[in-house]
Amino acid sequence: MNFDEYQLQLDESATLVSIVCENFESHRTEEQTLHSLVELRELLNTLGVEPGEQFYQNKKSLDPATMLGSGKLEEIAEQAKNTNSKLLVFDFELTASQMRNIKKITGLEVMDRCMVILEIFARHARTKEAKIQIEISRLNYMLPRLQTLWTHFSKQKGGIGLKGEGEQQLELDRRIIRNKIAAYKRQLVEMEKTRTEQRKRRENSVVTAALVGYTNAGKSTLMNKLCKVNVLSENKLFATLDSTFRTLNPDSKPPMVLIDTVGFIQNLPSTLVEGFKTTLESALEADLLIIVCDLSDPQYKNHLKVTQEVLEELNIKDKDQIIVFTKKDKIADPFLPKIAMRNLHASFLVSSNNPDEIKELREFIIQYFLSKQDHFDLFIPYEDGEAQARVLSNANILNTSHHENGTFYRIRIPDFIFGQLSLNKYILAPKESTKYI
Ligand SMILES: Nc1nc2c(ncn2[C@@H]2O[C@H](COP(=O)(O)OP(=O)(O)OP(=O)(O)O)[C@@H](O)[C@H]2O)c(=O)[nH]1
Ligand SMILES: [Mg+2]
């Protein structure tokens with residue numbers, strides 16, 4: 001499998017372009033536009049591209065051919081050329097024809113926000129399955145825009161030849177890309193079969209909580225601290241792209257597992273949503289959602305909103321959830337946590353490097369899982385040694401007392417696991433569990 005052939009070659013510096021327009025989602029006010037530009041800078045940094053000057057135009061309505069007015073585009077191009085920037089990055093999705101038109105007017109390379117995100121995903125994916133998913137999204141996105149994007153990969157392809165030759169090559173590339181997409185899709189179908197089986201096996205023997213939230217919120221850091229292991233955490237957007245599983249509490253029965261997931265972001269390219277859903281699939285099956293949010297970010301409310309929107313899109317917003325606000329150490333305003341947590345049912349504020357706070361959160365999660373378990377009182381005769389062994393290795397034992405003919409156990413165990421142990425005949429009286437969330 002060769003993912004590099006259509007990897008973009010990016011210029012080292014970029015000029016950022018945006019819009020303020022009342023009827024344009026996420027760009028309705030100057031504040032929204034500026035915030036989104038800050039995020040675009042971060043995204044470009046993550047890609048190793050230097051974000052240079054930024055420009056935006058206030059518009060009453062969008063120009064369908066070029067988004068910004070052509071006069072403004074010429075002016076921006078002029079300034080970009082003065083600072084030796086050959087690449088314009090637009091902070092929203094552009095259609096293939098918009099890209100072509102803008103390129104013609106400005107004479108510069110053109111990229112949009114979606115390409116930036118897709119490129120980051122492509123570079124950060126680690127498992128074979130995530131790589132394939134994202135590659136399909138990327139190729140699907142590129143296909144209609146190939147002509148405009150072509151110069152981006154000209155270095156690898158040995159430069160564009162004569163005009164006629166270029167067009168032939170372009171057609172050939174389109175065909176190659178279509179074939180690649182078809183081949184990747186076939187591979188995915190095969191991989192999905194294996195994954196479903198693995199998942200079923202896991203589902204039957206563990207309980208899980210998924211860490212979800214905006215990119216850079218501190219999910220991986222939290223996972224590391226809660227499970228005392230090392231998962232890559234970086235001050236980069238989308239450091240994590242594949243779900244990772246770690247045991248939170250190996251001593252409990254069944255083991256409690258935390259899942260680290262890919263971060264969310266606003267204006268996710270439509271072609272990516274599908275691929276993104278697959279990497280989030282593990283969260284779909286989690287018993288508990290731990291929504292992680294960086295409270296030191298002035299945009300935290302917006303991040304929570306985007307998170308809820310994604311959960312809604314995934315149809316899992318009704319799952320049990322807790323909110324964990326992170327980066328407490330970076331918050332200067334003492335009232336902020338009070339305001340943020342005022343109306344939230346179950347929420348925490350932690351600093352990842354404060355062991356006491358992490359311990360408290362860890363305890364809460366463990367207690368949550370335990371509260372979901374049912375109590376059973378069993379009396380098992382000594383002669384059924386196998387049943388005794390099944391209890392000892394699969395259940396949390398709260399109480400034991402030995403009698404003449406057998407042992408009395410009070411155990412705590414999820415209903416579905418109890419069902420697998422064939423101990424029904426030894427039940428004295430099942431007890432109701434108490435709700436925790
Ligand atoms: N000051 C401070 N920094 C933190 C805290 N938690 C995490 N960070 C930093 O925030 C940055 C992002 O952390 P990650 O754990 O990689 O964030 P993530 O949510 O996994 O990000 P993605 O994988 O990109 O979605 C890293 O530089 C962390 O060191 C905290 O409590 N306080
Ligand atoms: Mg991460």
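If you check Arg342 against the conditions, is it among the charged types (D, E, K, R) and in contact (Cβ under 8 Å) with a residue 12 or more places away in the chain? Give the derivation first.
On the way: among the charged types (D, E, K, R): yes; in contact (Cβ under 8 Å) with a residue 12 or more places away in the chain: no.
Answer is no for this residue.
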Checklist entry - Any idea which of Ile380, Ile397, Ile365 is farther than 30 Å from Pro334 by Cα and buried (at least 18 other Cβ atoms within 10 Å of the Cβ)? => result Ile380
Checklist outcome for this item: Apart from one, (1) outside the structural domain of Ser220 (by TED's automatic domain parsing); (2) in a strand (DSSP E or B); (3) surrounded by 14 or more Cβ atoms within 10 Å (Cβ to Cβ) all hold for Phe348; the odd one out is (1)
Checklist entry - Just one of Ser85, Ser61 is at pLDDT below 95 and either surrounded by fewer than 20 Cβ atoms within 10 Å (Cβ to Cβ) or not assigned by TED's automatic domain parsing to the domain that holds Ala183 (or both); which is it? => result Ser61
Checklist entry - Out of (1) within 13 Å of the chain's Cα centre (by Cα); (2) surrounded by 17 or more Cβ atoms within 10 Å (Cβ to Cβ), what's the single condition that is false for Thr326? => result (1)
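The values are calculated or read from the model by the stated rules, or taken from the named source; none is laboratory data. What you are looking at is a predicted structure, and each value in this text was computed from that prediction instead of being measured. Counting neighbours? That spans all protein chains shown, and the Cβs are built from the backbone with ideal geometry, glycine included.
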